[in-house]
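The values are calculated or read from the model by the stated rules, or taken from the named source; none is laboratory data. As the structure is a computational prediction, the values presented were derived from the model and not from experiment. FYI the Cβ positions are ideal-geometry reconstructions off the backbone, even for glycines, and counts take in every protein chain you see.
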Amino acid sequence: MLRRSIDYSLYLVTGRDLLPNGKDYLESLEESLQGGVSLVQIREKTTDTGEFLKIAQQSKAICRKYNVPILINDRLDIALAIGADGVHLGQTDMPIAVARSMLPPNSIIGMTCNTVEHVRKAVQDGADYVGVGPVWTTQTKKVTSPIVGVRGMGEMLKALDGTNVKAVAIAGIKFTNVLHCLHGCVSTTGRSLDGVAVVSDIVASPDPRLAAQRLAAIVQAFKSNPSHNFSLGPTASYTPESVKASVGVLLPLIRHFSPLVHQITNNVVTNQSANATLALGLNANINRKPIVFDPVGVGATKYRQSSANYLLNTWQATVIKGNAAELGALANSLEVQAKGVDSVGKGFADPASFVRNLAKKERCVVVLTGMTDWVSDGTTVVKLSNGHPLLGEITGSGCMVGSSIAIFCAAASVAEAAKRAPDAPEDARLVRGDMFAAAIAGVLAVTIASEFAAVRADVKGSGTFLPALIDELGGLTPDKMVSAARVEVIH
């Protein structure tokens with residue numbers, strides 16, 4: 001028997017108990033296949049053998065009608081009885097080698113994996129694919145393993161480098177978070193998911209065809225270009241001149257579109273702010289809006305750090321901006337220590353490599369602020385050398401930079417949306433527009449304005465510097481920004 005070519009893109013796991021009132025299971029299954037489900041796993045944890053067999057036989061008939069492979073969860077006897085394409089096994093189920101010896105040649109065997117060690121063992125034992133997670137909590141299955149989170153998936157996927165073993169994300173995946181899942185679950189070596197396993201978002205839907213169509217469109221679009229990030233992409237050729245040109249283009253867009261920017265500042269770990277951040281972050285990801293995350297003082301306490309980690313697993317940041325101590329805490333680096341909201345020491349020995357690696361890991365643009373500012377999209381690093389010492393003598397200059405970045409990101413996003421046709425095909429971009437250039441522009445606006453403000457005759461010190469800085473920000477022009485910007489591109 002030749003092994004079937006398996007498309008893991010949209011992997012439906014059945015759950016009859018989730019069906020909406022009046023919806024027949026077989027009807028729902030067929031509609032989901034019509035919508036784009038590419039692989040089906042029949043899961044019946046509490047059904048007796050006779051009923052399980054009947055359900056599996058009926059399900060197989062429908063799957064064959066659409067040429068979609070069918071797997072059985074746990075039960076080799078059922079898989080053998082109906083001639084299924086394979087089985088999916090859990091960590092406490094039959095070992096892969098034993099299952100392989102009992103199943104027909106070239107049967108598909110998948111294994112649930114909750115840790116990097118699980119993945120390595122599954123590869124060693126000959127699994128065809130791994131179900132990695134749990135990515136999030138789920139109501140369809142009692143999660144007995146710790147939540148991996150989107151940010152923890154990269155190391156698990158990296159364990160598949162050099163193999164032909166496929167990977168499917170499991171637990172809590174639905175239309176509202178599938179793009180975040182796909183985007184965030186990419187290893188630093190570039191290994192991405194082959195698909196997502198979905199239960200309730202399809203099974204519990206009164207229109208499973210539409211539910212499957214929405215999910216399938218996103219997954220297929222992402223798989224066609226899994227290297228998506230928030231810049232022009234890895235093929236973009238950045239030079240100091242091209243960066244400056246992009247900055248010059250963005251400033252007029254702010255004044256033309258006047259984008260609305262919602263800001264949650266300070267005390268981000270208090271209950272109300274955290275809940276608002278969660279809600280707004282989720283809505284922003286769904287609506288393809290940029291999110292700028294400024295983890296103020298995140299390294300000061302473990303509570304702040306755990307809260308930041310939770311937020312970053314809940315929604316995908318477009319830009320993470322912070323000083324050396326703050327970003328070091330997010331990266332679990334001990335190279336730079338924190339003292340309250342400030343950094344202690346000389347900073348990172350190799351800031352370019354640090355921001356590039358963190359951006360690649362977090363799948364976003366990273367801005368490292370300091371005497372020199374560093375910005376990376378995970379591929380290219382830009383060094384910015386503008387600014388004046390008086391910026392460090394006023395309260396809130398860092399927050400001002402974060403606000404400026406958010407404004408430029410919003411303008412770039414709104415401008416791109418204005419060019420996009422209503423019926424344009426799904427492109428699987430979490431945010432549209434060049435967020436890398438926007439982040440650079442946001443930093444330059446404040447640092448360049450500070451240089452103009454500091455040399456004004458009416459500025460005598462930090463007290464008179466702040467209003468002058470605001471004035472100079474308002475008076476910036478594209479020509480002033482481009483001519484004053486000191487930019488170095490590090491590939």
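Can you name the number of the only condition in (1) part of a loop (DSSP other than H, G, I, E, B); (2) under 22 Å from residue 33 (Cα atoms) that residue 64 fails?
(1)
Using the structure shown, decide if residue 8 is touching a Lys or Arg at 6+ places or on another chain (Cβ under 8 Å), within 21 Å of residue 214 (Cα to Cα), buried (at least 22 other Cβ atoms within 10 Å of the Cβ) and of a type in the set (Ser, Thr, Tyr). Spell out the reasoning first.
Values: touching a Lys or Arg at 6+ places or on another chain (Cβ under 8 Å): yes; within 21 Å of residue 214 (Cα to Cα): yes; buried (at least 22 other Cβ atoms within 10 Å of the Cβ): yes; of a type in the set (Ser, Thr, Tyr): yes.
Answer is yes for this residue.
Just one of 146, 134, 105 is closer than 19 Å to residue 11 by Cα and either of a type in the set (Phe, Trp, Tyr) or surrounded by fewer than 24 Cβ atoms within 10 Å (Cβ to Cβ) (or both); which is it? Full working, then the answer.
Values: 146 fails: closer than 19 Å to residue 11 by Cα; 105 fails: closer than 19 Å to residue 11 by Cα.
From the options 146, 134, 105, the qualifying one is 134.
Starting from residues that are touching a strand residue (DSSP E or B) at 6+ places or on another chain (Cβ under 8 Å) and surrounded by fewer than 19 Cβ atoms within 10 Å (Cβ to Cβ), keep the ones in region 362-382 and report whichever is farthest from residue 315 (Cα to Cα).
Filtering region 362-382 for residues that are touching a strand residue (DSSP E or B) at 6+ places or on another chain (Cβ under 8 Å) and surrounded by fewer than 19 Cβ atoms within 10 Å (Cβ to Cβ), the one farthest from residue 315 (Cα to Cα) comes out as 372.
Need pairs with beta-carbon distance below 6 Å; first residue at pLDDT below 95 and within region 77-95, second assigned to a loop (DSSP other than H, G, I, E, B) and not aromatic (Phe, Trp, Tyr); sequence gap 6+ or separate chains.
93/74
Which count do you get for residues in region 387-396 that are buried (at least 21 other Cβ atoms within 10 Å of the Cβ) and on the phi < 0 side of the Ramachandran plot? Full working, then the answer.
Residues of region 387-396 buried (at least 21 other Cβ atoms within 10 Å of the Cβ): 387, 391.
Going one step further and asking which of them are on the phi < 0 side of the Ramachandran plot, we end up with 391.
Number of matching residues: 1.
For region 441-458, check the following and say yes or no: at least one residue is among the aromatic types (Phe, Trp, Tyr) and either within 15 Å of residue 365 (Cβ to Cβ) or surrounded by 24 or more Cβ atoms within 10 Å (Cβ to Cβ) (or both). Explain how you work it out, then say what you get.
Keep residues of region 441-458 that are among the aromatic types (Phe, Trp, Tyr), which gives 452.
Add one more test, that the residue is either within 15 Å of residue 365 (Cβ to Cβ) or surrounded by 24 or more Cβ atoms within 10 Å (Cβ to Cβ) (or both), and what stays is none.
No; the residues of region 441-458 include none that is among the aromatic types (Phe, Trp, Tyr) and either within 15 Å of residue 365 (Cβ to Cβ) or surrounded by 24 or more Cβ atoms within 10 Å (Cβ to Cβ) (or both).
Tell me whether region 455-473 contains one or more residues that are out of contact with any Asp or Glu (no Cβ under 9 Å at 6 or more places or on another chain), part of a helix (DSSP H, G or I), within 30 Å of residue 181 (Cα to Cα) and in contact (Cβ under 8 Å) with a residue 60 or more places away in the chain.
No; the residues of region 455-473 include none that is out of contact with any Asp or Glu (no Cβ under 9 Å at 6 or more places or on another chain), part of a helix (DSSP H, G or I), within 30 Å of residue 181 (Cα to Cα) and in contact (Cβ under 8 Å) with a residue 60 or more places away in the chain.
Quick grid of which residues meet (1) among the aromatic types (Phe, Trp, Tyr); (2) modelled with pLDDT of 90 or more:
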residue: 336; (1), (2): no, no
residue: 354; (1), (2): yes, yes
residue: 357; (1), (2): no, yes
residue: 367; (1), (2): no, yes
residue: 386; (1), (2): no, yes
residue: 393; (1), (2): no, yes
residue: 416; (1), (2): no, yes
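Scan region 361-383 residue by residue and report those that are assigned to a loop (DSSP other than H, G, I, E, B), hydrophobic (A, V, I, L, M, F, W, C) and over 20 Å from the mean Cα position of the chain (by Cα). Quick ask: steps written out before the conclusion?
Here is the first cut: in region 361-383, the ones assigned to a loop (DSSP other than H, G, I, E, B) are 363-364, 369-372, 377-380.
Adding the requirement that they be hydrophobic (A, V, I, L, M, F, W, C) leaves 364, 371.
If the condition is that a residue be assigned to a loop (DSSP other than H, G, I, E, B), hydrophobic (A, V, I, L, M, F, W, C) and over 20 Å from the mean Cα position of the chain (by Cα), then 371 is the only one that fits.
In this structure, does residue 72 turn out to be free of Cβ contacts under 8 Å to residues at least 40 places away in the same chain and assigned to a strand (DSSP E or B)? Before the answer, list the steps.
Values: free of Cβ contacts under 8 Å to residues at least 40 places away in the same chain: yes; assigned to a strand (DSSP E or B): yes.
Answer is yes for this residue.
Residues that are aliphatic (A, V, I, L, M): which strands (runs of 3 or more DSSP E) entirely in region 105-213 hold 3 or more of them? Can you show your working first?
Numbers: elements: 108-113, 129-132, 166-169, 195-198.
Counting at least 3 such residues, we get 108-113, 166-169, 195-198.
If we scan region 59-82, do we find a residue that is touching a Pro at 6+ places or on another chain (Cβ under 9 Å) and surrounded by fewer than 23 Cβ atoms within 10 Å (Cβ to Cβ)? Full working, then the answer.
Narrowing region 59-82 to residues touching a Pro at 6+ places or on another chain (Cβ under 9 Å): 63, 80.
Still in the running and surrounded by fewer than 23 Cβ atoms within 10 Å (Cβ to Cβ): 80.
Yes, region 59-82 has at least one match.
For region 20-72, give me each residue that is within 16 Å of residue 7 (Cβ to Cβ) and small (Gly, Ala, Ser). Quick ask: steps written out before the conclusion?
Step one: filter region 20-72 for residues within 16 Å of residue 7 (Cβ to Cβ), giving 32-41, 63-64, 66-71.
Result: 32, 35, 36, 38.
Is at least one residue of region 426-439 surrounded by fewer than 17 Cβ atoms within 10 Å (Cβ to Cβ) and farther than 19 Å from residue 239 by Cα?
We begin by selecting, within region 426-439, every residue surrounded by fewer than 17 Cβ atoms within 10 Å (Cβ to Cβ); these are 426-427.
Next cut, farther than 19 Å from residue 239 by Cα only: 426-427.
Checking region 426-439: at least one residue is surrounded by fewer than 17 Cβ atoms within 10 Å (Cβ to Cβ) and farther than 19 Å from residue 239 by Cα.
Being surrounded by 24 or more Cβ atoms within 10 Å (Cβ to Cβ) and either modelled with pLDDT under 95 or of a type in the set (Lys, Arg) (or both) is the filter here, so list the residues in region 184-203 that pass it.
Once the filter is applied, which keeps residues that are surrounded by 24 or more Cβ atoms within 10 Å (Cβ to Cβ) and either modelled with pLDDT under 95 or of a type in the set (Lys, Arg) (or both), region 184-203 yields 184, 185, 186.
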